[in-house]
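**Student:** There's a structure below that I have some questions on.
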Amino acid sequence: MGQSLNHGKKSVVPLVTGVLSGDLIAMSLSFAGLGVLLSTSAILFNIFKWVAAAYLFYLGIKAWRTKSNAEKLKTMPIKKGKMFKDALLVTALNPKGIIFFSAFFPLFIDVKEAVIAQMTIIAVSFLLVAVASTTFYATFSGYLGSKVKSPRFQSTFNKANGTMLMGAGVVTASVQK
């Protein structure tokens with residue numbers, strides 16, 4: 001969103017394709033580990049579940065405590081290739097994304113059915129939603145620019161984001177597999 005706020009409509013395609021590619025890589029990494037996790041033991045699954053829940057809760061608290069960075073948002077020229085590469089790397093290598101996929105995707109997978117088909121459906125569904133939401137944020141960031149840069153909006157957004165992450169942590173902790 002920061003890139004699209006700074007660079008406008010010309011940033012939409014490289015950012016969306018970078019995020020999409022990064023999500024695909026992160027999902028592949030989590031799916032590879034998920035297969036091992038599902039086939040090993042319930043104890044290992046529960047350990048991972050509690051670690052993921054604690055991490056999501058930590059991220060929620062961190063978001064609640066984050067101060068506004070409205071004064072730090074600056075416009076800088078950037079190349080489309082660099083925008084794509086940055087979006088891809090940030091998305092693909094973000095441990096939060098891999099933990100997110102590993103924590104929530106197992107909730108929707110029945111190990112008694114064709115796991116690969118289920119993973120494919122989940123991945124495609126998530127990627128379609130990711131493309132839609134990333135495109136929305138990138139396209140309409142000009143309109144949101146003045147609001148997003150206000151300290152009050154950022155504080156409210158951080159608290160809402162933190163609340164959702166903590167809620168995701170609680171849901172993750174309550175999963176029975």
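**Student:** Among (1) crowded, with 18+ Cβ neighbours inside 10 Å; (2) among the aliphatic types (A, V, I, L, M); (3) farther than 24 Å from residue 170 by Cα, which single condition is residue 127 missing?
**Tutor:** Residue 127 satisfies every listed condition except (1).
**Student:** Going by what's in this entry, would residue 154 be described as surrounded by 15 or more Cβ atoms within 10 Å (Cβ to Cβ) and at pLDDT below 80?
**Tutor:** On the way: surrounded by 15 or more Cβ atoms within 10 Å (Cβ to Cβ): yes; at pLDDT below 80: yes.
Taking the combined requirement at face value, the residue satisfies it.
**Student:** Please specify each residue of segment 68-81 satisfying the condition of being within 23 Å of the chain's Cα centre (by Cα) and modelled with pLDDT under 80.
**Tutor:** Step one: of segment 68-81, the residues within 23 Å of the chain's Cα centre (by Cα) are 68-70, 72-73, 80-81.
68, 69, 70, 72, 73, listed by residue number.
**Student:** Go through segment 82-110 and give me each residue that's within 9 Å of the chain's Cα centre (by Cα) and among the basic types (Lys, Arg). Write out each step before concluding.
**Tutor:** Pass one, segment 82-110, residues within 9 Å of the chain's Cα centre (by Cα): 91, 94, 96-98, 100-101.
Residue satisfying the conditions is 96 alone.
**Student:** Among the numbered criteria (1) under 24 Å from residue 42 (Cα atoms); (2) at pLDDT 85 or above, which one does residue 105 miss?
**Tutor:** With respect to (1) under 24 Å from residue 42 (Cα atoms); (2) at pLDDT 85 or above, residue 105 is out only on (2).
The values are calculated or read from the model by the stated rules, or taken from the named source; none is laboratory data. Fair warning: this is a prediction, and the values are worked out from it, not measured in the lab. Neighbour counts are summed over all protein chains in view; Cβ atoms, including those assigned to glycine, are modelled from backbone coordinates with ideal geometry.
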